[in-house]
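As structure tokens, the structure follows; a few thoughts come after it.
The values are calculated or read from the model by the stated rules, or taken from the named source; none is laboratory data. Given the structure is predicted, the values throughout are model-derived calculations rather than measurements. Cβ: placed from backbone, ideal geometry, glycine included. Neighbour counts: every protein chain shown. SASA here: full protein model, heavy atoms, side chains in, ligands and nucleic acids out. Shrake-Rupley method; radii C 1.70, N 1.55, O 1.52, S 1.80 Å.
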Amino acid sequence: MILTRTSLQCRECKKDYDTAFKYVCDECFGPLDVKYDFPVITKDTFSNREQTYWRYFELLPIESRSNIVSIGAGMTPLIKADNLGKKLGLNNLYIKNDSVNPTFSFKDRPAGVAISKAKEFGLSAVGCASTGNLASATAAHAAKAGLPCHVFAPSNIEMAKIAQALSYGANYIAVDGTYDDANRIAAQIGDGKGIGIVNINMRSHYVEGSKTFSFEVAEQLGWQVPDQLIVPVGSGAMLNAICKGFEELQTVSLLDDVSNMHMIAAQPHGCAPIVDAFKKNSKEVIPVENPDTIAKSLAIGDPGDGRYVLKRLAQYNGFAEECNNKEILDAILLLAQTEGIFTEPAGGVSISILQKMAEQGKIDANDKVVCYVTGNGLKATEAIMEVLKKPTTMKADISEISAVVN
Ligand SMILES: Cc1ncc(COP(=O)(O)O)c(C=O)c1O
Ligand SMILES: [Zn+2]
């Protein structure tokens, strides 16, 4: 064995491997997860560190700090949402507002860790398959690392997301097809050309970045576990990583017992294969061939971690629910007009499911609830503009304008 802090372990057959540029098990083709040799960690370990997710360095899979590629992501606000809570009858509601990350989505967490690992592995190019947000997160971190970046995304995603990824200098390949088509092509090109595709052949390391969602929430709550967590789900990587993050905090004794938390998976109608399986009590996720939803960032018809999300829901007293396009748009406006947070449709999905869970009595009034808002509204204005009343331009005339200000 090489002396490193981390190794890889097959999620299925538990076979161990040395850390390497590798993501599936040779024996059973199961996904590989990062396993740690944790040092002694106390709450003080992190208390005076930088205000980014790299404050949790010991719990992340990078061997040398010199390989960290940071654009300042993480330590986003955990907002006590009293106005929204009042409307929903919840006394302890928190919004984890990841729409304010440097590239304006939570994807800066997994992308930053994956690009840092690509640097540590000495790779010469990186890329991703994306529904929109990962494109910018990968391209921005690649720019900071000085690495070329190849983005594979379906051609129908929002304009602002394309503009953003192009601005960071990515080689942007708009695929005429679904996310699953883009993903398949990215996988083949990545393996064929030795490119580190962050969410495919770098996935074992990539998902580790999203654990910081648990570390930050626990620390911001004074090292406590929430009772209920509402998580928007596409591939399911983030929900799994959040569970792994809380478990590791228990392993290093920063949290007592995480087994009582409730994980709630939120998906949009039109692309809710995990919700469908959950409601049918099935262990198999049947892919959606042609996703149809305004929540384009969640339009992953064949979720890579779908089966594992179902396991996590069973393990953590969970539930899965979906909402339609109108409910998503209503929820975006509800969050904006109660808490002053403007989210994209994926965040609308979280808020809509939060609302449904509260109305159905699945959340107690005094539960500590954390709702993850993972992307910024400015990146996806197309859908919301359809329902907003556009201002009419008025002559700069005081009496005419005065008449409409009541
Ligand atoms: C804003 C936003 N939220 C949630 C998700 C879902 O994450 P995952 O694919 O890890 O389930 C995505 C995925 O692209 C996203 O862009
Ligand atoms: Zn295996």
### Proportion of all alpha-carbon pairs of the chain beyond 38 Å (%)
16
### Task
Measure out, as a whole number of angstrom, how far apart the alpha-carbon centroids of the stretch 158-187 and the stretch 52-73 sit.
26
### Query
Leaving out ligands, DNA and RNA but keeping every protein chain, what accessible area does T4 have, in Å² rounded to the nearest 10, with a 1.4 Å probe?
60
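Using Cα pairs closer than 8 Å and at least 6 residues apart in sequence, work out the relative contact order for the chain, in percent. Let's see the in-between values first.
Numbers: 849 pairs, mean separation 67.3, N = 406.
Rounded, it is 17 percent for the chain.
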### Query
Using a 1.4 Å probe, what is the accessible area per residue for the chain, in Å²?
41
### Task
Calculate the tail of P(r) for the stretch 29-172: the fraction of all Cα-Cα distances greater than 28 Å, expressed in %.
30
### Accessible surface, 1.4 Å probe, highest first, among residues S105, S124, S47
S124, S47, S105
### Query
Just in the stretch 135-230: which chymotrypsin sites (Phe, Trp or Tyr not before Pro) are loop by DSSP and have at most 16 other Cβ atoms within 10 Å?
W223
### Summary
Per-residue accessible area, 1.4 Å probe, largest first, puts H205, H150 in the order H150, H205
### Task
Report the residue, chosen from C28, C149, C323, that carries the largest GNM mean-square fluctuation when the chain is represented by alpha-carbon nodes joined by springs under 10 Å.
C28
### Message
Looking at the chain as a GNM with Cα springs under 10 Å, which of I189, I264, I115 has the largest mean-square fluctuation?
### Response
I189
### Message
Under 10 Å, Cα contacts only: if you run a Gaussian network model on the chain, which one of S204, S214, S259 comes out with the highest mean-square fluctuation?
### Response
S259
#### Entry: Assigned charges on the beta-carbon of Lys, Arg, Asp, Glu; the chain dipole about Cα centre (debye)
380
### Task
Give the accessible area for V69 in Å² (nearest 10); use a 1.4 Å probe, count only protein heavy atoms, and leave out ligands, DNA and RNA.
10
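Roughly to the nearest percent, how much of the accessible area of the chain is carbon and sulfur, given a 1.4 Å probe?
Whole-percent figure for carbon plus sulfur exposure: 51.
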### Summary
So for the stretch 295-378, using the alpha carbon gyration tensor with a ≥ b ≥ c as root eigenvalues (a/c under 1.5 gives rounded; past that, a/b versus b/c decides prolate or oblate), I'd call it oblate
### Query
How do K15, K161, K356 rank by accessible surface area computed with a 1.4 Å probe, from largest to smallest?
K15, K356, K161
